[in-house]
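Report on the following structure.
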């Protein structure tokens, strides 16, 4: 065959050296246009590809890549799934030229099973991170909404407190009026007694005014006590809401920091996933 293709003969002699110099554990094979000239198997993986002396044929699916490279006259890079060789591999087929004609093909294969596994792990990691980011974003939105609602409750509590304070002042005014009305009723009773028979009707009115003033004063006092209780309750609610708002705001801030960190990690994971895909 040396007279037929000098370059193929030289390649057949040097391929074992290429195999030893390969940085990765690779499977090498050399083809003429009609047959398999040499096979140099990998140490770390085994594939059932071709045997020395085997005749190339289109009827054999494993020969298709080799024949395609010869016909096209250009290098082919392809991946074969695990079902094809028993393990996933990536192969390169390079046509060999002599005197301007394709006289054969050099083929190399590397196992990409580990690369596939790493790629799958990275993709899963990327997917899980994205899902975690979406969950934390939902938590952050909930914390932000909670903070807004607590702020609204706080504002409402302060408004209720202001209204209770105003009502308390009005009750104090009512109590003052009731006290003055009671004094006026007492004075009217005295004057009616002085008037004798003529003042009897006025005495009845004065007595009723006195009773009304006493009832108004007593009711105002009860209202004032109730308003005081309400005011104190509102104050407690306001204090609790203030503390809860501070906690919710702090949580929202910390969650934003976590989201920022996760976004960076997701970005790095996406870049790593793309790198692994290209590497495969």
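What is the packing order of peptides 77-90, 48-61, taking the mean over residues of other C-beta atoms within 10 Å and listing the highest first? Each step should come with its number before you reach the end.
Working: 77-90: 14.8, 48-61: 12.3.
The most tightly packed comes first, giving 77-90, 48-61.
If every alpha-carbon in the stretch 6-111 counts as one equal scatterer, what log10 I(q)/I(0) does Debye give at q = 0.13 1/Å?
-0.43
Would you order 134, 33 from fewest to most other beta-carbon atoms within 10 Å of each residue's own beta-carbon? If you can, show how the numbers build up before the last one.
Working: 134 11, 33 16.
Ranking 134, 33 by Cβ neighbours within 10 Å, fewest first, gives 134, 33.
Using Cβ contacts closer than 10 Å as the measure, can you line up 257, 62 from fewest to most? Show your work: numbers first, answer last.
Details: 257 9, 62 16.
Fewest to most other Cβ atoms nearby, the residues stand as 257, 62.
In whole Å, what are the extents of the stretch 35-75 along the principal axes defined by its C-alpha atoms, from largest to smallest?
Here the Cα extents, ordered largest to smallest, are 31, 21, 18 Å.
What is the extension gain from residue 130 to residue 250, computed as 0.36 nm multiplied by their sequence separation minus the C-alpha to C-alpha distance, in nm to one decimal?
Numbers: separation 120, 0.36 × 120 = 43.20 nm, distance 2.38 nm.
Full extension from residue 130 to residue 250 adds 40.8 nm.
Multiplying the sequence separation of residue 155 and residue 226 by 0.36 nm and subtracting their Cα-Cα distance, what value in nm do you get? If you can, show how the numbers build up before the last one.
On the way: separation 71, 0.36 × 71 = 25.56 nm, distance 2.18 nm.
Between residue 155 and residue 226, full extension yields 23.4 nm more.
Got a sec? How would 156, 14 order by Cβ neighbour count within 10 Å, fewest to most? Can you show the working numbers first?
Working: 156 14, 14 11.
Ascending number of Cβ neighbours within 10 Å: 14, 156.
Every read-out reported here was derived from the displayed coordinates using simple, explicitly stated rules and does not represent laboratory data. In this text, all values refer to a predicted model and were calculated from it rather than measured experimentally. No Cβ is skipped: glycine too gets one built from the backbone with ideal geometry, and neighbour counts run over all protein chains shown.
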